[in-house]
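Please read through the structure below; I'll follow up with questions.
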Amino acid sequence: MSFWIVAALMTAGVAALLLWPTRRQPETVANEGEGGPDLAVYRDQLAEVDRDLARGLIDPGQAEAARIEISRRMLAAAGRGTGRGVGTTAWTRAVILAVAVILPLAAIALYLPGGRPDLPSQPFAERDSGQRDRLVAERAATEALLRRLNAEPDDLAGWVELGQRFRALGQADQAASAYARAA
């Protein structure tokens, strides 16, 4: 039973992470796009340029260059402002909500027919006994070939075969010495 509690908590956590971006209201995002805090700063800067020009602190050419630069920054900020907030439309929220609900239901539907959390764990070495048996047989055959070659050291084909067997077993140093013996 504890498996199901842990699985349910993990699923709820993932669903919450999926739904987190949709917590913002569409009105808030729309207001930011119309005149967020960045745009308010740039409007203040434009007003300050006009005040500086009126007081004679800057000449008209400098004022025009400053207005152009501030306007360029305002356009860039307005472009960034429209893309803020994921899930601001009703359709996007519906899709994210559907995914947050459908994914856990699909996982349960796939798990229930074949999943068995009550089975005891199985050590890796015991999972595929056929592969383990083949490896043991290959090592035994390699050892038998090595014993035969020690008795008959002039068998060139035997040393090459021994090198291939050691290489297949992942014993590179012994394979190299068998190939050296064949050479």
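Considering only residues that are in a helix (DSSP H, G or I) and touching a residue at least 40 places away in the same chain (Cβ under 8 Å), look in the range 96-119 and name the one that is farthest from residue 21 (Cα to Cα).
It comes out as 107.
Per-residue answers, yes or no, for (1) of a type outside the set (Lys, Arg); (2) modelled with pLDDT of 80 or more; (3) closer than 14 Å to residue 23 by Cα:
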| position | (1), (2), (3) |
| --- | --- |
| 55 | no, yes, no |
| 63 | yes, yes, no |
| 66 | yes, yes, no |
| 75 | yes, yes, no |
| 78 | yes, no, no |
| 86 | yes, no, yes |
| 90 | yes, no, yes |
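Say whether the condition of being farther than 30 Å from residue 3 by Cα, part of a helix (DSSP H, G or I), of a type in the set (Asp, Glu) and modelled with pLDDT of 90 or more is met by at least one residue in the range 120-137.
Within the range 120-137, not a single residue is farther than 30 Å from residue 3 by Cα, part of a helix (DSSP H, G or I), of a type in the set (Asp, Glu) and modelled with pLDDT of 90 or more.
While we're looking at this one, here's another question. Of all the residues that make up the range 62-82, how many are open to solvent by less than 40 Å² (accessible area, probe 1.4 Å) and under 32 Å from the mean Cα position of the chain (by Cα)?
3
So, one more: Can you name the number of the only condition in (1) assigned to a loop (DSSP other than H, G, I, E, B); (2) touching a helix residue (DSSP H, G or I) at 6+ places or on another chain (Cβ under 8 Å) that residue 141 fails?
For residue 141, the failing item is (1).
Test residue 148 against the stated conditions and say whether it is open to solvent by less than 100 Å² (accessible area, probe 1.4 Å), among the charged types (D, E, K, R) and at pLDDT 80 or above.
Answer is yes for this residue.
Something else about it: Within the range 144-183, which residues are outside any helix (DSSP H, G or I) and either closer than 21 Å to residue 131 by Cα or touching a residue at least 12 places away in the same chain (Cβ under 8 Å) (or both)?
If the condition is that a residue be outside any helix (DSSP H, G or I) and either closer than 21 Å to residue 131 by Cα or touching a residue at least 12 places away in the same chain (Cβ under 8 Å) (or both), then 153, 169, 170, 171 are the ones that fit.
The values are calculated or read from the model by the stated rules, or taken from the named source; none is laboratory data. Source: prediction; values computed, not measured. Cβ atoms come from the backbone with ideal geometry, glycine included; neighbour counts cover every protein chain shown. Note: areas computed on protein heavy atoms with side chains; ligands, DNA, RNA excluded. Shrake-Rupley method; radii C 1.70, N 1.55, O 1.52, S 1.80 Å.
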